[in-house]
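Handing you this structure, nothing more for now.
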Amino acid sequence: MRLLRYTLCAVIVLAVASPSMAFNGKRKGFVLGGGLGVAPVARIESEGIDESRVGFASNFLIGYGWDEQNLLVFEGNGTTFKPDTDLDVTFSQGFAGPTWYHYFKPVAPTFFTVAGVGFYSFWYDIEDGEEDSNDSGLGLMGGVGYEFARHWQVSFVVNGGKTDGPINDVTHLNVEVLIGGVAF
């Protein structure tokens, strides 16, 4: 839920700030996007815990393209997975923060890179519907991708960070493959 709150705040701020340049068919100006995919590696590690699973991955981005090849966006990127336990619990973890996309050509098809520094969050839903979370920590994100058609792309992203739990720190890692769209 924290990631959703961060994303909602960014949507409101950017939607008010630049509506006149929205969706003009050029990467320069307002951009909005998202994607869905799989995380072949969704990992948490702490004292006595080393859990790695396959999870469901998603991302959401909103921001501004300062030219046809460079975007500065706020991105929320996370994974949800079920750990190997007898409890009915779902873990969610992910990155939220400013991210830079660089496309190698001004129009598709083209390769791109992505890099970001922000916050990393971890929360979990316990079997009785109760939600709890760790305190957010520093998060990093990087990856590569290919825009195969105008507005459509596939990306390979790695993000990770640390969060502070009630007992000890937890280290997180997501490796994701996403298919998404970016409206500009």
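Assuming 0.36 nm per residue, please report the length gained on full extension of the stretch residue 183 to residue 148 beyond their Cα-Cα distance.
11.2 nm
Right, something else. Placing unit charges on C-beta atoms (Lys and Arg positive, Asp and Glu negative, everything else neutral), compute the dipole magnitude of segment 114-184 about its Cα centre in debye, rounded to 20.
It works out to roughly 700 debye.
For the chain, what is the mean residue ellipticity at 222 nm derived from helices alone (per DSSP H run of n ≥ 4: -39500 (n - 2.57); sum divided by total residues; nearest 500 deg cm²/dmol)?
After summing the helix terms and dividing by residue count, I get -3000 deg cm²/dmol.
Using only Cα atoms and rounding to the nearest 10 degrees, what angle (0 to 90) does helix 2-17 make with the longest principal axis of the chain?
Tilt relative to the chain: about 20 degrees.
Each value in this text was obtained by applying a stated rule to the coordinates, not by laboratory testing. Note that the structure is a prediction, hence the values are computed from the model and not measured. All Cβ positions, even for glycine, are placed from backbone atoms using ideal geometry, and neighbour counts span all protein chains on display.
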